[in-house]
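Peer 1: Structure in C-alpha cells, see below.
The values are calculated or read from the model by the stated rules, or taken from the named source; none is laboratory data. Please read all numbers here as calculations on a predicted model, not as lab measurements. Heads up, the Cβs are rebuilt from the backbone with ideal geometry, glycines too, and the neighbour counts pull from every protein chain shown. SASA here: full protein model, heavy atoms, side chains in, ligands and nucleic acids out. Shrake-Rupley method; radii C 1.70, N 1.55, O 1.52, S 1.80 Å.
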Amino acid sequence: MTASPLPQSAGYGIVVGLGLAFAIGMILTTYMLKRYQHERITSEEFSTAGRTVKTGLIASAVVSSWTWAATLLQSSGVAYRYGVSGPFWYASGATVQIILFATIAIELKKRAPNAHTFLEVVRARYGPIGHCVFMCFGLFTNILVTAMLLTGGSAVVTNLTGMHTVAACFLLPVGVVVYTLFGGIKATFLTDYIHTLIILVIILIFAFTTYARSDVLGSPGMVWEILQKISSEHPVAGNAQGSYLTMHSKEGAIFFVINLAGNFGTVFLDNGYWNKAIAASPASALPGYVLGGVAWFAIPWLCATTMGLACLALETTPAFPTFPNRMSAADVSAGLVLPNAAVALLGKGGAMCSLLLVFMAVTSASSAELIAVSSIGTYDVYKTYINPRATGKQLILVSHSCVILYGLIMAAFSVGLFYAGVSMGYLYLLMGVIISSAVLPATLTLMWSKQNLLSAAASPVLGLACSLIAWLVTTSKQNDGIINVTTSGANNPMLAGNVVALLSPAVFVPILTYLGGPQNYDWESMKTIRQVNDDDVLMPSTVSAGDEDLKDSRSNTASGLPATPIDSTAALIRASKIARSLTVFMTVALLVLWPMPMYGSGYIFSKKFFTGWVVVGIIWILVSLIVVGIYPLWEGRFALAHTAKGMWYDISGQRGRLIKNANPDFVVDGADITVPRDDVVAEKKE
C-alpha cells in the first residue's frame with residue numbers, strides 16, 4: 001500500500017479516544033452499579049463478579065473473548081489462500097473447544113465452587129509442584145495470545161492510518177487497562193457485550209455490501225463467477241481441480257489440524273475462560289458456553305467467506321490498495337487481507353470499519369487476558385506464596401498492579417516481536433506447539449481421579465520437549481538445515497509440532513500414572529478452597545456493628561460458607577450429563593458429519609450452492625446477534641429498569657424513593673450508602 005487510506009489522526013482518535021471513552025463509560029457504569037445495584041468492587045467481585053453472571057452475558061463474553069484479531073484477520077487470510085474451505089476449517093476447528101469446555105466448566109463449578117482460578121484447583125489436588133508447572137503453561141498461553149492480539153492489531157492500524165507500529169503497540173492496551181482497573185471482570189463482561197455487538201454489525205455491513213450492494217460484486221453469483229475465473233488463471237495447489245470453490249483442499253486440511261490442535265491449548269489453558277466459568281451462576285455455565293460457541297462459529301465463517309473471497313475478487317481492480325500487484329505472502333500473514341478488501345469495497349468508510357472492527361477485537365480479548373493474568377498474580381502467586389493472610393484491600397491492590405504491569409510488559413514484548421519480524425500469523429500457528437501438551441493433563445485434573453502428581457507435572461514438560469523437537473527437526477529436514485521465521489512458520493513443521501504437542505501426553509499420562517501409582521483422588525481438597533474475606537473493603541456503614549446476620553451476601557461466602565447450595569449442586573450434576581452428550585454430538589457434527597463428505601467427494605460449489613452457503617452464513621450471524629445482542633438485555637431487563645428508575649429518582653430529586661422502591665428494609669445514609677432501617681435491625685436481633 002503506497003499511502004494509508006486514513007490519516008494518522010484517525011488512528012490516534014480510535015486507539016486513544018475510543019479507548020478512553022470506553023474507560024470513562026466503565027467508570028460511570030461502576031458508579032451506577034454501586035449506587036443503584038448496591039455492588040462493591042471487592043477482591044471477590046473484581047475477579048469473579050460475585051459468581052452470578054447470567055447466560056446471555058456469559059455467551060456474549062465467550063464470543064467476545066474468542067473473537068481475537070486473528071478470528072477476523074487470520075480467517076480472512078486462509079480464505080484468500082485456500083478458498084471457501086478456509087473459513088469453515090477455521091470456524092469448526094476453533095468452535096469445538098468452546099463447546100467441549102462447557103463440560104469442564106460444569107465440573108469446575110461442581111468440584112471447586114469457591115475457586116478463583118483453575119490453578120487453585122491444581123494446587124488443591126497436586127500441591128506446589130503441579131501448581132507451578134501449570135502456572136507456567138497458563139502464563140505462556142496468556143503471553144502468546146496477548147502478543148498475537150497486539151501484533152495483529154498494530155499491523156492493521158499502521159496499514160490503515162500510517163500510525164507507527166510501536167505507538168500502536170503501547171496505546172492499544174491503554175483504555176483496556178483503565179476500564180479493567182475500575183470494573184474488574186464485571187467491566188470485561190459489560191464491555192464485551194458492546195464490543196461483540198459492534199463487531200457483528202460491521203460484519204453484516206461487509207456481507208451485505210459484498211453480496212448485495214457493491215457495484216463490482218453485488219451478489220453471490222457474481223463472486224462465484226469471478227472465483228471461477230481466478231481458479232482457472234491461478235489454480236490452488238492441493239485443491240480439487242485447483243478451485244477456490246471446494247472443501248477439498250490439502251493445505252486447508254493441514255491448517256485445520258493445526259488450528260484444532262493449537263486452539264485446545266488457548267481455551268483449556270487460558271485462565272480467562274476459567275474465570276468466566278467461575279463467574280457464571282451454576283445454571284448459566286453450560287448454556288452460556290454452548291450458546292457462545294455456536295454463536296461464535298458464524299463470525300469467522302461469514303467474515304472470511306466475505307472478506308477473504310472479496311479480496312480475491314477485487315485484487316485486480318484499480319480500487320484495490322496494492323493494484324496492480326497481488327498481495328505478498330508477508331502481507332497475508334500480517335493480517336492485511338481484510339482491511340485491503342474493505343478499502344476496495346467501501347473506500348475510506350471500509351478503512352474506518354476495519355479499524356473499528358480490529359480495535360474492538362483486540363481490546364475485548366485483551367481485557368480477558370488482563371483479568372486472567374491479574375487473577376493468577378493475585379491468588380496463585382501473592383496470596384499463595386507471599387502473603388497467605390492477605391486482606392481484601394491488599395488483594396485489590398495486587399490485582400490492580402498486575403493489570404498495569406502486564407499491560408506494559410506485553411506492549412514492550414510486542415514491539416520486540418515487530419522488530420524481529422514475527423507476525424500474528426506466525427504466532428497463531430506456533431501457540432499449539434508451545435502450550436498444547438498441557439491440555440490433556442489439565443482436563444484429567446477435573447475428569448479422572450487416577451492421574452497422579454508425576455503424570456500431571458511431567459507430561460506437559462515432556463510433551464513440550466517432544467513438540468519442539470518435532471517442529472524444528474521437520475523444519476530442518478524440509479529446508480536443508482535452514483531454520484528461521486519463514487521456514488519454521490510453514491504448514492508442515494507447524495503441523496508436526498502441534499499434533500505431537502496435543503497427542504504425546506496420551507502416551508505419557510498412562511505410563512507415568514502406572515509407574516507412580518494411581519492417585520484415587522476423592523475431590524474433597526478442592527472443596528476446601530475458600531473465598532476471600534472482604535469485610536475490610538465493605539464500608540463499615542453497610543452493617544450494624546456486631547450484627548453478622550446482616551452482612552452482604554458476598555461477605556458471608558467470603559467468610560467461608562459454600563458458594564454453591566445443595567440444589568445448585570444437583571442442577572450441576574444434571575447439567576454435567578447433558579453437557580457430555582451435547583458436546584459429543586456437536587463436535588462430531590462440526591468436525592465429521594458436515595465437512596468430511598464434502599471434502600471426500602471433491603465437490604466444486606455450483607452457483608446455487610455457493611449462494612445458499614452465503615445465505616446460511618448471514619442467517620446464522622443474525623441468530624448470533626439475537627443470542628449475544630438481544631438475549632442479555634432481556635435477561636437483565638429488571639436490573640436495567642431498576643437502574644433507570646433510580647437515575648430518574650436522582651434527577652427528579654426523589655432520592656428517598658430510590659432505596660424504598662428497591663427494598664423497603666433499607667434507607668439512604670449519606671451520598672450513596674444504604675443501611676438497614678433501625679426497626680429491621682432490631683427485628684433481626686430479636
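Peer 1: Working only within segment 344-358, note down all residues that are touching a Leu at 6+ places or on another chain (Cβ under 8 Å) and either without any contact (Cβ under 8 Å) to a residue 24 or more places away in the chain or not hydrophobic (A, V, I, L, M, F, W, C) (or both).
Peer 2: 348, 354
A quick yes/no check of all residues on (1) aliphatic (A, V, I, L, M); (2) farther than 30 Å from residue 582 by Cα; (3) in contact (Cβ under 8 Å) with a residue 60 or more places away in the chain:
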| residue | (1), (2), (3) |
| --- | --- |
| 233 | no, yes, no |
| 245 | yes, yes, yes |
| 259 | no, no, yes |
| 264 | no, no, yes |
| 273 | no, no, yes |
| 287 | no, no, yes |
| 314 | yes, yes, yes |
| 326 | no, yes, no |
| 335 | no, yes, yes |
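Peer 1: Oh, and also: Under 7 Å between Cβ atoms, which residue pairs at least 6 apart in sequence (or on different chains) link something in segment 463-486 that is closer than 13 Å to residue 497 by Cβ and of a type in the set (A, V, I, L, M) with a partner that is part of a helix (DSSP H, G or I) and open to solvent by 50 Å² or more (accessible area, probe 1.4 Å)?
Peer 2: Once the first residue is closer than 13 Å to residue 497 by Cβ and of a type in the set (A, V, I, L, M) and sits in segment 463-486, its partners that are part of a helix (DSSP H, G or I) and open to solvent by 50 Å² or more (accessible area, probe 1.4 Å) give 483/472.
Peer 1: For segment 396-422, enumerate the residues that are surrounded by 14 or more Cβ atoms within 10 Å (Cβ to Cβ), of a type outside the set (Val, Ile, Thr) and under 21 Å from residue 152 (Cβ atoms).
Peer 2: 406, 407, 410, 411, 413, 414, 417, 418
Peer 1: Suppose we filter 71, 67, 55 for residues that are under 26 Å from residue 176 (Cα atoms) and in contact with a His (Cβ under 9 Å, 6 or more places away or on another chain); which single one remains?
Peer 2: 67
Peer 1: Follow-up. Go through segment 218-243 residue by residue and tally those that are open to solvent by 10 Å² or more (accessible area, probe 1.4 Å) and either closer than 23 Å to residue 362 by Cβ or not in a helix (DSSP H, G or I) (or both).
Peer 2: 8
Peer 1: Sort out which residues of segment 458-467 are under 26 Å from the mean Cα position of the chain (by Cα) and open to solvent by 10 Å² or more (accessible area, probe 1.4 Å), and write them in order of number.
Peer 2: Hits for segment 458-467 are 461, 464.
Peer 1: Mind checking which helices (runs of 4 or more DSSP H) fall wholly inside segment 567-684 and carry at least 3 residues that are surrounded by 15 or more Cβ atoms within 10 Å (Cβ to Cβ) and at pLDDT 85 or above?
Peer 2: 595-601, 607-625
Peer 1: In segment 276-289, what residues are touching a Ser or Thr at 6+ places or on another chain (Cβ under 6 Å) and either of a type in the set (D, E, K, R) or assigned to a helix (DSSP H, G or I) (or both)?
Peer 2: 278, 279, 287, 288, listed by residue number.
Peer 1: Report whether or not residue 362 is of a type in the set (A, V, I, L, M, F, W, C) and under 25 Å from residue 616 (Cα atoms).
Peer 2: no
Peer 1: Residue 496: assigned to a helix (DSSP H, G or I), free of Cβ contacts under 8 Å to residues at least 40 places away in the same chain and among the small types (Gly, Ala, Ser), yes or no?
Peer 2: Judged against the criteria, residue 496 is a match.
Peer 1: Could you run through segment 386-408 and say how many residues are part of a helix (DSSP H, G or I), more than 20 Å from the chain's Cα centre (by Cα) and free of Cβ contacts under 8 Å to residues at least 60 places away in the same chain?
Peer 2: Here the count works out to 7.
Peer 1: In addition: Pick out, from segment 310-381, the helices (runs of 4 or more DSSP H) lying fully within it that include 2 or more residues that are open to solvent by 10 Å² or more (accessible area, probe 1.4 Å) and within 18 Å of residue 74 (Cα to Cα).
Peer 2: 329-334, 348-375
Peer 1: Something else: I'd like the full set of residues that are in contact with a helix residue (DSSP H, G or I) (Cβ under 9 Å, 6 or more places away or on another chain) and either open to solvent by 50 Å² or more (accessible area, probe 1.4 Å) or more than 8 Å from residue 175 (Cα to Cα) (or both), limited to segment 19-30.
Peer 2: Answer for segment 19-30, where residues must be in contact with a helix residue (DSSP H, G or I) (Cβ under 9 Å, 6 or more places away or on another chain) and either open to solvent by 50 Å² or more (accessible area, probe 1.4 Å) or more than 8 Å from residue 175 (Cα to Cα) (or both): 20, 21, 24, 25, 26, 27, 29, 30.
Peer 1: Has segment 439-459 got at least one residue that is touching a residue at least 24 places away in the same chain (Cβ under 8 Å), over 23 Å from residue 271 (Cβ atoms) and charged (D, E, K, R)?
Peer 2: yes
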